[in-house]
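The values are calculated or read from the model by the stated rules, or taken from the named source; none is laboratory data. As the structure is a prediction and not an experimental result, all values here were calculated from the model. No Cβ is skipped: glycine too gets one built from the backbone with ideal geometry, and neighbour counts run over all protein chains shown.
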Amino acid sequence: MNSAKTLTLGYSPCPNDTFIFYALVHGRIDTKGLGFREILEDVETLNQMALRAELDITKVSYHAFGDLRDDYCLLRSGGALGRGCGPLVVAPVKCSMDDLKGKKIAIPGRLTTAYLLLQLYDPSFRDNVKVMPFNEIMQAVKEGEVDAGLIIHESRFTYSRYGLVSVIDLGQWWEQKTGLPIPLGAIIAKRALGKGLIEDLESLIRDSVLYAVNNRVEPEQYIKRYAQELEDSVIKEHIDLYVNDYSVDMGEEGVAAVMELFSMAEEKGIIKQASKPLFIE
């Protein structure tokens, strides 16, 4: 490793990300001389920063990574991928997705995987959306600013507190359609960093995940500093759902899920076809 190198590292303030990267940015594991300057932003902001190639390593939506594959490669560790953890469409009253056609739906960003799934479910929903920060969507639905909302992160645990009901679980729809886990958030690195350094980064992120899993209490104050929901129960549910075996290493099933997501999105013209492989070679 290059002992003089400091890398920019972007991730969200959500509990799963602060949990995963705690050990890496706090020197709780041996980084072999590498330094990291962490940049905590919501995932849509990170998507836009990556499109401008501003970050060496970053969390992004898989939707955004679809258009970043020429300049960035996928890392096998640290991402958000799993079952039972997909985005939900919520509304003030019980209804069907057909009832929402032509209605205004709030989305957490045009490059989020949530929005990609909504378009894969039915392309007609791409035409009448309103972009807003993910943590403002439920209140907007409750107050009638929009007719429905596409929610992500810890919102899936708290939407009922706003008097909202689930219309569809798009993660569940994906799993039933493909039999695969849903790829939500990717950890990517600039290809220009080179194969050796990128492989080292994969190893360090894997070590950081495992450190947090084995020392769950230690990162708590760091997590609470940035969490939107401060209740211990919500934070625990969030981490338990989004940090799993795929976070340590996405494995063959995880890779198959990503390939299927990109294949479907390319077929519908939502993302461009890539000229380079997912991983560094």
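Kindly indicate which of 210, 230, 164 is at negative phi and not assigned by TED's automatic domain parsing to the domain that holds residue 58.
After applying the criteria, what remains is 164.
Please state which of the following conditions residue 258 fails to meet, knowing it meets all the rest: (1) surrounded by fewer than 16 Cβ atoms within 10 Å (Cβ to Cβ); (2) in a helix (DSSP H, G or I).
Going through (1) surrounded by fewer than 16 Cβ atoms within 10 Å (Cβ to Cβ); (2) in a helix (DSSP H, G or I) one by one, residue 258 breaks only (1).
Has the range 210-222 got at least one residue that is under 20 Å from the mean Cα position of the chain (by Cα), at pLDDT below 95 and over 23 Å from residue 64 (Cβ atoms)?
The answer is no, given that none of the residues of the range 210-222 is under 20 Å from the mean Cα position of the chain (by Cα), at pLDDT below 95 and over 23 Å from residue 64 (Cβ atoms).
Given the conditions (1) out of contact with any helix residue (DSSP H, G or I) (no Cβ under 8 Å at 6 or more places or on another chain); (2) at pLDDT below 95, which single one is not true for residue 52?
(2)
As an exercise: evaluate residue 19 against (1) within 19 Å of residue 243 (Cα to Cα); (2) out of contact with any strand residue (DSSP E or B) (no Cβ under 8 Å at 6 or more places or on another chain); (3) part of a loop (DSSP other than H, G, I, E, B) and give the number of the one condition it does not meet.
(3)
Counting only residues that are over 26 Å from residue 51 (Cβ atoms) and under 18 Å from the mean Cα position of the chain (by Cα), give me the strands (runs of 3 or more DSSP E) lying completely in the range 94-187 with at least 1 of them.
Where strands (runs of 3 or more DSSP E) fall fully within the range 94-187 and carry at least 1 residues being over 26 Å from residue 51 (Cβ atoms) and under 18 Å from the mean Cα position of the chain (by Cα), they are 165-169.
Do you know which residues across the range 169-181 are touching an Asp or Glu at 6+ places or on another chain (Cβ under 7 Å), farther than 26 Å from residue 204 by Cβ and either crowded, with 16+ Cβ neighbours inside 10 Å or of a type in the set (A, V, I, L, M) (or both)?
180
If you go through the range 139-156 one residue at a time, do you hit one that is surrounded by fewer than 22 Cβ atoms within 10 Å (Cβ to Cβ), touching a helix residue (DSSP H, G or I) at 6+ places or on another chain (Cβ under 9 Å), closer than 23 Å to residue 244 by Cα and not assigned by TED's automatic domain parsing to the domain that holds residue 238?
Yes, the range 139-156 contains at least one residue that is surrounded by fewer than 22 Cβ atoms within 10 Å (Cβ to Cβ), touching a helix residue (DSSP H, G or I) at 6+ places or on another chain (Cβ under 9 Å), closer than 23 Å to residue 244 by Cα and not assigned by TED's automatic domain parsing to the domain that holds residue 238.
For the list (1) crowded, with 24+ Cβ neighbours inside 10 Å; (2) touching a helix residue (DSSP H, G or I) at 6+ places or on another chain (Cβ under 6 Å), I need the number of the one condition that residue 66 fails.
Every listed condition holds for residue 66 apart from (1).
For residues that are charged (D, E, K, R) and in contact with a Leu (Cβ under 8 Å, 6 or more places away or on another chain), scanning just the range 223-257, find the one that is modelled with the highest pLDDT.
Ranking the qualifying residues of the range 223-257, first place goes to 253.
Please count how many residues of the range 207-243 are out of contact with any helix residue (DSSP H, G or I) (no Cβ under 6 Å at 6 or more places or on another chain) and either part of a helix (DSSP H, G or I) or crowded, with 19+ Cβ neighbours inside 10 Å (or both).
So the count comes out to 14.
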